[in-house]
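This report refers to the structure that appears directly beneath it.
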Amino acid sequence: MKPVRLLCAAILALTGLVAVGLTTEAANAASSKDLNVTYTKVIKNERFSAYGRLATHNIRTVKLQYRDDVDNAWKTLSTQKSSSLGYFEFTPSTSRTRYFRYYVPAGGGDPKISGNSKKITVVSQKVTFFAVTPSFQCSNLSPENVTMFAHFYPVRPYRSVHFSTNVGSLQAYQDAKGNAAVNFYPGASAFTFAGKATTDQENSAAAKTSAPFTYRQSYCDL
């Protein structure tokens, strides 16, 4: 019986080690030293989300740090407490390209955690394309609806866009590719207007307006 008992004990011990190993592996898979961000390319002063989950799943002090160059010392931008499960989130902004990371000081028997560096690049926002179609119609020949179309960079899905038209300001939203458009009836009178597309201020990023595009309607001799 003794060899059988020893064998059973060995199996139970091995099972326990495997279970512990699986638990540790699952915890490590759910956590990371990488700082997750909504965008790695941001507009000047635009607020973005920087978040993650700590490997030690209890409430800990988390610091969001940055530096202007890979050779510079890290500076603390903001400090907060993680949730009891190790989750944290910051909403920083930056006026220039910088490197960010999270840092957790040692405490309560837990070691310090130095997160991996994440480069956040500041880019110039642009209206890369803007057009009015058609650009001319005869006011006395039953004008068709007019479409105003714009494309913006960087892409910000659901960011509000306003188009200036002869019938007033019309609102649309950027899609997943940075496109926005409106379609409207211009009326049957003769006129000329300079249409524009403006993506509105959002998350502290300034508004951006396109160059004007001229639309014209006039009486046409038959």
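In the set Phe152, Phe129, only one residue is crowded, with 18+ Cβ neighbours inside 10 Å and of a type in the set (Phe, Trp, Tyr); that residue is Phe152.
So, of the residues in the range 62-94 that are in contact with a Lys or Arg (Cβ under 6 Å, 6 or more places away or on another chain) and surrounded by 15 or more Cβ atoms within 10 Å (Cβ to Cβ), which turns out to be farthest from Ser114 (Cα to Cα)? Among residues in the range 62-94 that are in contact with a Lys or Arg (Cβ under 6 Å, 6 or more places away or on another chain) and surrounded by 15 or more Cβ atoms within 10 Å (Cβ to Cβ), the one farthest from Ser114 (Cα to Cα) is Ser93. For Ser169, the conditions (1) touching a residue at least 24 places away in the same chain (Cβ under 8 Å); (2) in a strand (DSSP E or B); (3) out of contact with any Gly (no Cβ under 7 Å at 6 or more places or on another chain); (4) closer than 28 Å to Ser218 by Cα are fulfilled apart from (1).
Does the range 66-76 include one or more residues that are under 22 Å from Ser204 (Cα atoms), out of contact with any Asp or Glu (no Cβ under 9 Å at 6 or more places or on another chain) and of a type outside the set (Ser, Thr, Tyr)?
Filtering the range 66-76 for residues under 22 Å from Ser204 (Cα atoms) gives 66-68, 76.
Within this subset, residues satisfying the condition of being out of contact with any Asp or Glu (no Cβ under 9 Å at 6 or more places or on another chain) are 66-68, 76.
Now narrow it down to the ones that are of a type outside the set (Ser, Thr, Tyr): 67-68.
Checking the range 66-76: at least one residue is under 22 Å from Ser204 (Cα atoms), out of contact with any Asp or Glu (no Cβ under 9 Å at 6 or more places or on another chain) and of a type outside the set (Ser, Thr, Tyr).
Among the conditions (1) within 24 Å of the chain's Cα centre (by Cα); (2) assigned to a loop (DSSP other than H, G, I, E, B), Thr76 misses just one, which is (2).
Within the range 193-222, residues that are surrounded by 15 or more Cβ atoms within 10 Å (Cβ to Cβ) reach partners that are among the basic types (Lys, Arg) and not in a strand (DSSP E or B) with beta carbons closer than 6 Å, at six or more positions or on different chains, in the pairs Thr199/Arg159; Glu202/Arg159; Asn203/Arg47.
The numbers here are math on the coordinates, done by the rules we state, and not lab data. These numbers come from a predicted model, not from an experiment. Note that each Cβ is placed from the backbone with ideal geometry, even for glycine, and that neighbours are counted across all protein chains shown.
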